[in-house]
Amino acid sequence: MTDKTAIEQVMGAFEEFKATNDAAILELKKKGVNDPIVTEKLGKIEATLASFEDANQKATAALLEAKKAAEDEKAHVDELEAKLNRMSLAGSADPATREQERKQRANEWLGAAIGAITKGEFNLSADQQKALAAVREEYKAMSVGNDTTGGYLAPAEYVREIIKGVTEMSPVRSMVRVRQTASKSIMIPKRTGQFAAVWVAEQGTRSETDGLRYGLWEIPTHEIYALVDISEQNLEDSAFDLEGEIRMEAGEQFSVAEGAAVVSGNGVGKPQGFMDAAAGLGENNSGSAATIADADGQANGLLTLKHALKTAYTRNASWALNRTTLGSVRKLKDGDKNYIWMPGIALGKPNTIDGDPYVEVPDMPSEGAGTYPIAYGDFSRGYTLVDRIQMSMLRDPYTQATSGNVRFIFRKRTGGQVTLAEAMRKLKCSA
């Protein structure tokens, strides 16, 4: 069905709808009730109109676009006015006649432009096609493709919006315990040994049950910084608030660096990560050399990891893994062929892995031989993050003044360390 046929059918149905509806109104006034036959006919016509509503909306949108295009081209019509006058209008000496002919040609071109959009150029009359061709030829002589022939008069629109890729920031700060301090480090007492209770006879000899010991753990704070030089003229002339922009960028990058350190930092000049070998986390093998699934493709290694954690820590335990590994977890089943990943809607709580929530941590490694792609445990008891100084900014207009630059220095002091390794465990891809 062509667009022309569809429009004719719609308009015909609408005319019939008006006539039938008018008749129904008159019938209602005369008899007080509607004629069932007229009501049925009216319903059929309404259904016909509804069936063409999509096409009608498309046609309406095309018409609006055509009007918008005509308005946008109005400036070009004004620029081409002199050119058009030099075509066939040059023979008319009378100014009034020239003006009338000019308007006539402009109207012909506008009508042809709208018709080309709504009906297609091939469906235009010969005069309309000729009008379009004539303007197209003149337009070539004044094209925005060349600066000197009109490009300078058609500048591009500048959008005050910066296109940015997503910066993946680890949510580990929400998982671990966070403390504030006004000192360079914090000292945490820790029990390092316990005595054992001993059974004794009624009058048996009781000796000291030695073994209770304590230690003192220190978590130092470390410094992270960013340094950016921006020219004074750039700060003065930029369409953006550059100072606010780099402050936001610094905040994002500090979060990225902090997340990576909390996961895998070596503790030298930075926080110690819970995945660092020196952190002392217990581990379990997946059962497969390079994946989290065991040799049978099941989640036995993952479930073994979970049940190797002491019961007291499982009450507030969660999984830590990256998005790629999560995709593999969704495919795993337990020994009863049940999927261990469950959407939250099924349980009325967050999505779970074998009943426990999980956190997507982009800094966790992916599956691979000898890697540790998953950690599990009570991270709030196992890891402590210490904030000494929140991110601060120093605006230095002096140091680089001779170079015409302003220096921005961002810094933050924070530290972190595993304080209770037994509260967490990790899974190793290994047979």
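Only the coordinates and a few stated rules stand behind these numbers; no lab work does. Model, not experiment: these values are computed from the prediction. No Cβ is skipped: glycine too gets one built from the backbone with ideal geometry, and neighbour counts run over all protein chains shown.
General remarks:
- Size of charge dipole - the stretch 173-431 - debye, nearest 20, with Cβ of Lys, Arg +1 and Asp, Glu -1, no other charges: 900 debye
- Sequence ranges 332-344, 349-361, 409-421, ranked by mean other-Cβ count within 10 angstrom, highest first: 409-421, 349-361, 332-344
- Taking a ≥ b ≥ c as the square roots of the eigenvalues of the alpha-carbon gyration tensor, the stretch 173-431 is classed oblate because a/c is 1.5 or more while a/b is no larger than b/c.
- Computed from phi, the 3J(HN,Hα) profile of the stretch 265-274 under the Karplus parametrisation 6.51, -1.76, 1.60 (θ = phi - 60°) reads x, 8, x, 9, x, 7, x, 8, x, 6 Hz, with x in place of Gly and Pro.
- Working ranking of peptides 265-278, 369-382, 305-318, 204-217 by packing, defined as the average number of other Cβ atoms within 10 Å per residue, highest first, is 369-382, 265-278, 305-318, 204-217.
- In range of the label at residue 398: residues from the stretch 213-231 whose backbone nitrogen is under 13 Å from the point 7 Å along Cα→Cβ: none
- Each peptide in 167-173, 424-430, 238-244, 155-161 receives the mean, over its residues, of other Cβ atoms within 10 Å, and ordering these scores from highest gives 424-430, 167-173, 238-244, 155-161.
- The distance separating the Cα centre of the stretch 172-247 from that of the stretch 359-431 comes to 12 Å.
- At an R0 of 60 angstrom, the distance between the Cβ atoms of residue 409 and residue 107 translates into a FRET efficiency of 0.40.
- For the stretch 183-309: rounded, prolate or oblate by the Cα gyration tensor [a/c cutoff 1.5]: oblate
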